[in-house]
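No value in this document is a laboratory result; all are computed from the given coordinates. Worth saying up front: this structure is predicted, and the values here are computed from it rather than measured. Reconstructed Cβ throughout: ideal geometry from the backbone, glycine too, with neighbour counts over all protein chains shown.
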Amino acid sequence: MQPVARFEIHYTQFLDEHGRAVQAPPEFAADTAHVTDLYRWMVLMRTFDAKAIALQRTGQLGTYAPILGQEAIQVGIGSAMKSDDVFVPTYREIGAMFMRGVAMHDILLYWGGDERGSDYTNARGDFPICVTIGAQTTHAAGAAYALKLRRAPGAVVCTIGDGATSKGDFYEGLNAAGTWRLPLVFVISNNQWAISVPRSAQSAAQTLAQKAIAAGMTCEQVDGNDLFAVRHAIDRALTTARSGGGPSLIEAITYRLSDHTTADDASRYRSADELAQAWKREPIQRVRTWLMAQGAWDKQREEALTRECNERVQAAVQTYIDTPAPPPGAMFEHLYASLPPALEPQRADLDACTSAPESAPGGGAEQV
Amino acid sequence: MAQLTLIEAINRALATEMARDESVVTLGQDIGVNGGVFRATLGLTERFGAERVIDTPLAEAMIAGMAIGMAVQGLRPVAEIQFSGFAYVTIDQILNHAGRMRYRTRGRLACPMVLRTPCAAGIHAPEHHSESPEAMFAHIPGIRVVYPSSPARAYGLLLAAIRDPDPVVFLEPTRLYRLFKEEMEDDGTALPLDTCFTLRDGTDVTLVTWGAMVHETLEAADVLAEQGYAAEVIDVATLKPYDVDTILASVARTGHCVVVSEAPRTAGFASEIAAAVSEQGLLTLMAPVQRVTGYDTVVPLARLEKHYIPSVDRIVTAALNTIQYT
């Protein structure tokens, strides 16, 4: 017997959990002003996340999927993508969406139960959040095929969770990307938990990255809590994709520090000790430590940033709260390009049943 | 003018629209070099190239999902699912994504795609090749379901489906693919969607049907005519959203209604029409609405399929029962 295929999966880390460079940081990190900007995004995302949970706990938001602990992946994606690129996200990638130009109040509207939250303020060509797990990988392949056919300059970035890598759709999307060498970058946010199912019970594969090898695709693993590693890998993958070099997959190793959603209680299935250990590897502290070591950050700037983030998030919350619910008839709008006559009687029936205006969106949000 | 079979008409519509609009692409299994297992895409690769006539890996959910991604990105994909039984795995994509892309983004994005699949029994095909899935698709909000029954209508309705700004599931009756030819013009003229076609005027009974069963129903109308009864035959053609007004207007004239469908009886599309006629046309009815449908069984393999497909006799009997109801 002769071996006919061999593979290796490479893992990259620049900043360890203590904020120490374990190897020379990537080129972009030499621009500390830029890294400071990325750090500010991470803090803004965490501020938003905490506020969204608080809104849900006080009955002002529906079920919400937190991003706590996954900010480095969000910023890595958001900062590496350009306006010509197309983002095809899951529901735990809102930080990257903010950097694409989706407004914070858009996301609050969405989780607050208002479809207008997916009518993004900017990033008008990006796909809406995909809730059915893994289906978006095939949409990403279709979008990337369209870009390639039109010789368009951009590429597609598609995010997937660790659980989604067990789905058939995931393999079908990867296979398509490899078959046509599409301008497409898959990023697996491997946060170790698919609601209550741990990574160890999800797949016997040693890495999730290696699943891309079966599709003939370049793949690697990075420390997903290391901003430098994530950004560097996505930069490289996007450059390849945009220049016709084909698709790639990046498995970013992170940890879901929150519950799956606000309707979940992770203490039912994972230990406090595991969570405490994971907190030591969270992504924001190490960037702050590194910036301080560069002399680019201090306590005073941190305090100012905290105030600024709180104000920005509060302003978004206010916009959300001040947005009245759409009229009931909105459920018949945008169903088709124009409402078919066959649906007019149903719309008239609804109109007859509803005359009083609805309450503000926060008040009526239901928990799922 | 040309004499074309239904499958040739599909082929002409695809070619005509791909020539007219370069954003139209076709994708599916074996649709390229092979021209499709039924030859619907014959000659398209030679004419439009492999980039626009896309032979895909064997993955139906991917075909539907990619069509969604392409459509959102501004292409007009026409996806082929090789056989009806393999279309069921696309329901997730059609229901959860294609049908609500426009709705959930408040019109920011749209999904102008067509998902074509051959369906219905009668050609002695293997298992899973003879399904009648129209009711399952018709239950999905935000999409159109179109099911032509003649070469000319297949041509005009497919053009309309490709040009439509919303997703369309386009069902093609395999047993009519080569059953007869029709004189038609390949001039790029689309037919209206969401509209019934009254194929035959009559005063005694309204026979409502669509797709593959139109042929048997027209034969039944001939038999009824020999017995002195004039049957009006309506081809629903677009099942979602459907044109109930034409059906109600006809029933108001005839007072009798028989709905003919090959699909299983329970929760079928025939039940929808029977319910609508009962709700809105009760006082014009002289007799209960009758349904002539396939049975609530698995569609049998070749040796028994002719006993499953509603026969001309069953349609005639139902029509006579309703006409002579006392």
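Normalised by the residues of chain A, what does the relative contact order come to in percent, with Cα pairs under 8 Å and at least six apart? Display every interim value, and only then the final one.
Working: 669 pairs, mean separation 87.7, N = 368.
Relative CO of chain A lands at 24 percent.
Would you grab the residues whose amide H sits under 5 Å from the one on A:THR159? Only those 5+ places off in sequence or on another chain, please, with H modelled 1.01 Å from N.
A:VAL88, A:THR90, A:VAL187
So which of A:LYS51/A:LYS211; A:LYS167/B:LYS306; B:LYS181/B:LYS306; A:LYS148/B:LYS240; A:LYS211/A:LYS280; A:LYS51/B:LYS240 end up more than 32 Å apart by C-alpha?
A:LYS51/A:LYS211; A:LYS167/B:LYS306; A:LYS148/B:LYS240; A:LYS51/B:LYS240
Which whole number gives the average count of other chain Cβ atoms within 10 Å of the Cβ atoms across peptide A:132-138? Could you put the intermediate results ahead of the total?
Working: counts 5, 0, 2, 8, 4, 5, 12.
Mean inter-chain Cβ contacts per residue within 10 Å come to 5.
Rank the residues B:THR203, B:THR322, A:THR165 as a footprinting-exposure proxy: fewest other Cβ atoms within 10 Å of their Cβ go first.
Numbers: B:THR203 14, B:THR322 22, A:THR165 27.
Ascending number of Cβ neighbours within 10 Å: B:THR203, B:THR322, A:THR165.
Give me the Kirkwood hydrodynamic radius of the protein assembly as shown, using the inverse of the mean 1/r over all pairs of distinct Cα atoms, in Å to one decimal.
Result for the protein assembly as shown stands at 27.5 Å.
Could you give me D for the range B:197-323, from Stokes-Einstein at 37 °C and 0.692 mPa s, where the hydrodynamic radius is the Kirkwood radius over C-alpha pairs? Units µm² s⁻¹, please.
Translational D for this selection: 230 µm²/s.
Just to be sure I understand: with springs between alpha-carbon atoms less than 10 Å apart, which residue in B:ILE91, B:ILE234, B:ILE315 has the highest mean-square fluctuation in the Gaussian network model of chain B?
B:ILE91
Can you list the trypsin sites (Lys or Arg not before Pro) in the range A:94-201 that are in a DSSP coil and have 16 or fewer other beta carbons within 10 angstrom?
Loop-located and lightly packed - A:ARG124, A:ARG150, A:ARG151, A:ARG181.
So what is the diffusion coefficient of the range A:177-266 in µm² per second by Stokes-Einstein at 25 °C and 0.890 mPa s, using a Kirkwood Rh over Cα pairs?
175
Angle, helix B:60-72 long axis vs. longest principal axis of chain B, Cα atoms, 0 to 90°, nearest 10?
70
Highest mean first, what order results for A:223-233, A:188-198 on Cβ atoms within 10 Å? Mind showing how you got there, number by number?
On the way: A:223-233: 26.9, A:188-198: 20.0.
By packing density, highest mean first, the sequence is A:223-233, A:188-198.
Where does each of A:ASP85, B:ASP21 land when they are ranked from fewest to most other beta-carbon atoms within 10 angstrom?
B:ASP21, A:ASP85
Compute the orientation-averaged projected area for chain B from the convex hull of its Cα atoms and round it to one decimal in nm².
For chain B, averaging the hull's shadow over all directions gives 16.2 nm².
Tell me, in nm to one decimal, what length is gained between A:GLN210 and A:ASP37 on full extension, where the rule is 0.36 nm per residue of separation less the Cα-Cα distance? Each step should come with its number before you reach the end.
Details: separation 173, 0.36 × 173 = 62.28 nm, distance 3.29 nm.
Extending this stretch completely gives an extra 59.0 nm.
With θ taken as phi - 60° and the coefficients 6.51, -1.76 and 1.60, list the Karplus ³J(HN,Hα) couplings across the range B:266-273 in order, rounded to whole Hz; mark glycine and proline as x.
Each residue's phi maps through the Karplus curve to give 6, 6, x, 5, 4, 5, 4, 5 Hz.
May I ask you to give the average projected area over all directions of the convex hull of the Cα atoms of the range A:11-321, in nm² rounded to one decimal?
Mean orientational projected area (the range A:11-321, Cα hull): 15.1 nm².
Taking the Kirkwood radius as the inverse of the mean 1/r across Cα pairs, report the Rg/Rh of the range A:101-160.
On the Cα set of the range A:101-160, Rg over Rh gives 1.02.
Can you list the residues, at least 5 places off or on another chain, whose amide H is less than 5 Å from the amide H of A:ASP119, using H built in the peptide plane?
The answer is none.
Specify the angular offset, from 0 to 90 degrees and rounded to the nearest 10, of the alpha carbon long axis of helix B:6-20 from the longest principal axis of the alpha carbons in chain B.
Computed tilt is about 40 degrees.
Helix B:244-254 against the longest principal axis of chain B: what's the angle in degrees, Cα atoms only, rounded to the nearest 10?
20
Using amide H atoms built 1.01 Å from N in the peptide plane, name the residues 5+ places from B:GLY294, or on other chains, whose amide H lies under 5 Å from its own.
Amide H to amide H, under 5 Å and 5 or more residues apart or across chains, B:GLY294 pairs with B:SER261, B:GLU262, B:ALA263.
Magnitude of the Cβ-charge dipole of the range A:1-92, K/R +1 and D/E -1, about the Cα centre, nearest 20 debye?
Result for the range A:1-92 is approximately 400 debye, rounded to the nearest 20.
Regarding the range A:53-141, what's the average projected area of the Cα-atom convex hull, expressed in nm²?
For the range A:53-141, averaging the hull's shadow over all directions gives 5.8 nm².
What's the average, rounded to a whole number, of partner chain beta-carbon atoms within 10 Å of each residue's beta-carbon in A:250-256? Don't skip to the end; give the middle numbers.
Numbers: counts 0, 0, 0, 0, 0, 0, 0.
So the per-residue partner count for this stretch is 0.
Across the residues of B:54-63, average count of Cβ atoms on other protein chains within 10 Å?
5
What ranking do A:136-147, B:241-252, A:298-309 get when scored by the average of other Cβ atoms within 10 Å per residue, highest first?
Per-residue Cβ counts within 10 Å, averaged per peptide and sorted highest first, yield A:136-147, B:241-252, A:298-309.
Counting other Cβ atoms within 10 Å, keep those with at most 15, restrict to DSSP loop, and tell me which trypsin sites (Lys or Arg not before Pro) in the range A:30-72 are left.
On the way: sites: A:ARG40, A:ARG46, A:LYS51, A:ARG57; in loops: none.
Within the range A:30-72, no trypsin sites (Lys or Arg not before Pro) qualify (loop, at most 15 other Cβ atoms within 10 Å).
Pop a pseudo-label 7 angstrom from the Cα along the beta-carbon direction at both A:ALA293 and B:ASP30 and give the gap in nm to one decimal.
In this crude spin-label approximation the distance works out to 6.1 nm.
Using the Karplus curve 6.51 cos²θ - 1.76 cosθ + 1.60 with θ = phi - 60°, what ³J(HN,Hα) values do you get for each residue of the range A:159-169, in whole Hz, with x for Gly and Pro?
Here the 3J(HN,Hα) series is 9, 9, x, 5, x, 5, 6, 8, 7, x, 4 Hz.
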